[in-house]
Number of protein chains: 2
Amino acid sequence: MRFLRVLFLILLPTPFFVHAQHKQPNIIFFMVDDMGWQDCSLPFDKVVSELNNKYHTPNMERLARRGMQFTNGYANPVCTPTRVSLMTGMDVPRHHITNWTNVRKDTPTDHPDSLLNPPVWNHNGLSPVPGISHTIVATPLPALLRDAGYHTIHVGKAHFAPYGTPAADPLQIGFQENVAGTAAGHPGSFLAADQYRGNPSDTFWAVRGLEKYMAKGEFLTDALTHAALEKLDGVKNSSKPFFLYLSHYAVHVPLSKDDRYYSKYIAKGLDDKEARFASLVEGMDKSLGDLMDYLDNNELTANTQIVFMSDNGSLSLVPPRGGKAFTHNLPLKQGKGSLYEGGIRVPLIVAGPGIPAGSKQDQYVVVHDFFPTILDWAGVSKPKLIQALDGQSILPFLGNPAKRDDKKVLLWHYPNNWNNINVKGTSWGSAIRKGAFKLIYFHKTGDLELYNLDEDLGEEHDLSKVMPGKLKEMALLLTYELQSRNAPMPTFKSTRKPIPWPSDLINNN
Amino acid sequence: MRFLRVLFLILLPTPFFVHAQHKQPNIIFFMVDDMGWQDCSLPFDKVVSELNNKYHTPNMERLARRGMQFTNGYANPVCTPTRVSLMTGMDVPRHHITNWTNVRKDTPTDHPDSLLNPPVWNHNGLSPVPGISHTIVATPLPALLRDAGYHTIHVGKAHFAPYGTPAADPLQIGFQENVAGTAAGHPGSFLAADQYRGNPSDTFWAVRGLEKYMAKGEFLTDALTHAALEKLDGVKNSSKPFFLYLSHYAVHVPLSKDDRYYSKYIAKGLDDKEARFASLVEGMDKSLGDLMDYLDNNELTANTQIVFMSDNGSLSLVPPRGGKAFTHNLPLKQGKGSLYEGGIRVPLIVAGPGIPAGSKQDQYVVVHDFFPTILDWAGVSKPKLIQALDGQSILPFLGNPAKRDDKKVLLWHYPNNWNNINVKGTSWGSAIRKGAFKLIYFHKTGDLELYNLDEDLGEEHDLSKVMPGKLKEMALLLTYELQSRNAPMPTFKSTRKPIPWPSDLINNN
């Protein structure tokens, strides 16, 4: 009798009740690495550009026909800041992971600069537990979803924290399964022939756990797709909904050649580097298509929310890209690493139940808005968090393409030197968007630039001199938002004093 | 034929279409002068206090049974700032009328102080037209209502601007009728026997235009009520809705004795001054009852919105009040002129179509919120304004007593010396409320005090030392909000430099 009762309890499908109660949808976050706003045949601008004609991404077009395209989707200028913002709901000025994190613990990734020192920032990344120096401790999204009854799956690039800290392993932040996610921010190679590593002794950037797909000679993007679908095979008949974070290493360097597509782009007239890049893009797009096919074939589409997004703008330095530097995101200015639009505006599509098919939404939203949005989808109305949230649920915008909030404030903060190119706009800055206006504070020069993005997408016409009232309003607001988050600021090498606040740089009368 | 067409056009009841289109309700703003949160038998606190037992205001109770009582209704610490906030939708840091305005133009009302000089403020008050120094130029509420088809009536105290400026006359800001409204902030006397003036040569504070009621020996409060009802008689059968701003001189000093009620309060044990004050209060309450009776008898109640409000906390100085100073608003701290709750929290009731009867609403709201609220009632969705708005429509709160917005921000700013009492909290300060928390910045001492009003209505437990994070958050926010409005700040007499910002007073680490 007692045995029977225990058996009954074991067999009781507890998660079913949670599921039924909230009608929780499956959730897929499809994250692409280093993919720019123009790196696809689907236009996010009002016009079809030459760049749109360069690429072939039919599955992004297909997803957009099923859901909502965000023309003003934003991320941070580099990788780890964006990924931690997604997992914590915090923006960069608050989580203080201002730059990408090293594979090595206690080793900031800052390039030296002649004028400024970077501030102390959380170079040891995200941590689910306190006690590790230079980490942001937060309640991570996957753990909340797991606790809400989701089966949580990580496939692909993680890059939340260095080796030697817990969050180097996605299982430590609430994922119940992990394929290929580590402290590394890029693969050694996308090629099975290279064993997905840069060289035989590569310990940091080798992508592991994909031996089965490697044996079939699959390109890394395909290997990750197939690993993800295999994981879904294991849960598709479960009473639990799933959360799949499919985070591609594509289209980050190295520009491995995907032979299935490369020659087509050479034939179109692209140079070797750009044909490699376009082949990476199309391989990524095929992954999206394979995933959508899988959902369709398994009758999962109707109850699955899909978010398609990139983690920053397209890398636009030459080399490693072909062509001319800072042309790869046009009409957006500059590229990865920059606070101009080319560095932060990214492709974003959301499709799933309740979202109008084939719709466009011009409201600006940002990656950390998906923290509360995903919790809303999961029916987690009052999550227990140790962190303060900056993200705001975008459900109102998803439900209505005409819905607007011009008072919403977005912040970017990059008080670091990304590389040694010393170009104004890339590295060393802070920025704020409110309504159509964007203010950029350049830490090295002390300049403030003001743009009306509705009228000047390319940030060619600085309005700081002609709109002093708006300049002041935005400078005060940026100062307040940075100060209220204790945002870490660079210091002058000569005096060791912090750089001025934006409000110190304007006439206060 | 042409004559007929012209006649037809003349007879066409144009306003009717506007009326029918919006189903515009009549709107009455019943403003009381210097009436505190506890100056009535209707409790606004969670408990019935000794002060509630002191007063008799059955018609406030009656209005509350018909509508919604706001337990956290706010105004500014003195008169003109509140009245101009209502008429413009701007808060004090933005409209810069930081103190009450003189009857004389170009004559600030500041008392001298040994430490600080007041800033330059808009001591010439509100102006509907540009070109007059030290005025705030704004599109006034009555003009917008008039243009939206309302018949707009001013009865009682105006006090928007000094004599010699247009807004000394309510007709210049969009009222189509005016009884008794001038540049004066109080009457010479409430007694007909005194001809509603202080002395025979009183030119500034004599209340004029009430000869008919004076002849009947009516107390000033009654005279204003009867004048208002007579104005309503003239428009009640019109196709136009009306906006009546009935703004009592009661219960401001002088504490004239209303013989109808005085002896009752003496019999209750009140001293002469307090019995006079209570008689002023009950006379004001009778006016409210007469107005409600009029609406009932003329079948106007179902289509009339009524707002009952005071312009600041109860005067709590002795003399002119009886009893002990700073006890008249208990448990609220201090009184008129103060940034503590006794100076700014006021009785507020709203009743009319769509508002749940007998409801209570704990959301904090402020007088300038009625600018957009009243325009919402009038169906004016996008008013053409030359000013920026601080007020936010309270319709969501009026529709749902459980609705809350803890992110709403209210500001108070009083960089002036109200009188010569030199008590910390009265005069010389700025304050901000967000959620349960309120921060007060004392300009003379440089102190910051932080209170949790949900737990400490009496502001007895300063949390600034025990909640440094909240202190910093509120200090930064107050600084930002003041700076972004170009709020005028006092200067030190010795150095002529402005006092520090609140953010300068906290540890910025």
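From helices alone, chain A scores -8000 deg cm²/dmol at 222 nm; the rule is -39500 (n - 2.57) for each run of n ≥ 4 DSSP H residues, then divide by the residue total. How much length would be gained if the chain were fully extended between A:N199 and A:N452, taking 0.36 nm per residue of separation minus their Cα-Cα distance, in nm to one decimal? Between A:N199 and A:N452, full extension yields an extra 86.3 nm. Centre-to-centre, using Cα atoms only, the stretch A:91-113 and the stretch A:462-497 are separated by 21 Å.
Modelled spin labels at A:L385 and B:A302, positioned 7 Å past Cα toward Cβ, are 4.8 nm from each other. Using a simple spin-label model with pseudo-atoms 7 Å out from Cα toward Cβ, B:K46 and B:D147 lie 4.6 nm apart. Surface analysis of the stretch A:52-150 yields an accessible area of 29 Å² per residue, using protein heavy atoms and a 1.4 Å probe.
Per-residue mean of foreign Cβ neighbours for A:476-486 is 5 (Cβ atoms of other chains, 10 Å radius). Here is how far apart the B:G234 label points are across copies: 8.4 nm, shortest first, using a point 7 Å from Cα toward Cβ. Each peptide in A:206-215, B:471-480 gets a packing score, the mean of other Cβ atoms within 10 Å over its residues, and the list from highest to lowest is B:471-480, A:206-215. Over all other residues within a Cβ to Cβ distance under 11 Å of A:H151, the charged ones net out to +3, with Lys and Arg as +1 and Asp and Glu as -1. Of all chain B C-beta atoms, the nearest to the rotation axis linking B with A is recorded, alongside its rounded Å distance, as B:Y480, 2.
The residues of the stretch B:368-509 have, on average, 43 Å² of accessible surface per residue, using a 1.4 Å probe with all protein chains present. Given +1 at the Cβ of Lys and Arg, -1 at the Cβ of Asp and Glu and no other charges, the dipole of the stretch B:409-507 around its Cα centre is 540 debye to the nearest 20. The apolar share of the surface of the stretch A:25-399, taken as the fraction of accessible area on carbon and sulfur atoms (1.4 Å probe, ligands and nucleic acids excluded), comes to 54 percent.
For the cross-link pairs A:K384/B:K472; A:K240/A:K360; A:K382/B:K382; A:K444/A:K472; A:K216/A:K236, which exceed 28 Å when the distance is taken from alpha carbon to alpha carbon? Listed pairs above 28 Å: A:K240/A:K360; A:K382/B:K382. Peptides A:250-257, B:348-355 ordered by packing proxy, namely the average of other Cβ atoms within 10 Å per residue, highest first: A:250-257, B:348-355.
Pairing chain A with chain B buries about 900 Å² of accessible area. This figure sums both sides and uses a 1.4 Å probe.
In terms of its C-alpha gyration tensor, the stretch B:25-399 has a rounded overall shape, because the principal axis ratio a/c (a ≥ b ≥ c, square roots of the eigenvalues) stays below 1.5.
Across peptide B:464-475, the average count of Cβ atoms from other chains found within 10 Å of a residue's Cβ is 1.
A point 7 Å from Cα along Cα→Cβ stands in for B:K46, and the other copies hold the same point at 5.5 nm, listed in rising order.
The simple Förster model, with R0 at 51 Å and r as the Cβ-Cβ distance, assigns A:L395 and B:N507 a FRET efficiency of 0.85. The distance separating the Cα centre of the stretch B:262-310 from that of the stretch B:347-402 comes to 23 Å. Put a point 7 Å out from Cα along the line to Cβ at A:D447; what are the distances to that point in the other copies, in nm, shortest first? Here A:D447 shows inter-copy label distances of 4.8 nm. Across the stretch A:87-152, C-alpha contacts under 8 Å between residues 6 or more apart give a mean separation that, scaled by the residue count, equals a relative contact order of 29 percent. Estimated at the nearest 10 Å², the accessible area of B:F243 is 0 Å² with a 1.4 Å probe. Once the C-beta distance of B:L171 and B:K236 is scaled by a Förster radius of 35 Å, the resulting FRET efficiency is 0.95 to the nearest 0.05.
Counts of other chain beta carbons within 10 angstrom of each beta carbon in peptide B:142-149 average 0.
With all protein chains in place and ligands, DNA and RNA left out, the 1.4 Å accessible area ranks B:W428, B:W100 as B:W100, B:W428, largest first.
The values are calculated or read from the model by the stated rules, or taken from the named source; none is laboratory data. Just so it is clear, the structure is predicted and the values come from calculations on it, not from any experiment. Glycine also receives a Cβ, built like all others from the backbone with ideal geometry; neighbour counts cover every protein chain displayed. Side chains are part of the model used for accessible areas, which takes the heavy atoms of the whole protein and leaves out ligands, DNA and RNA. Shrake-Rupley method; radii C 1.70, N 1.55, O 1.52, S 1.80 Å.
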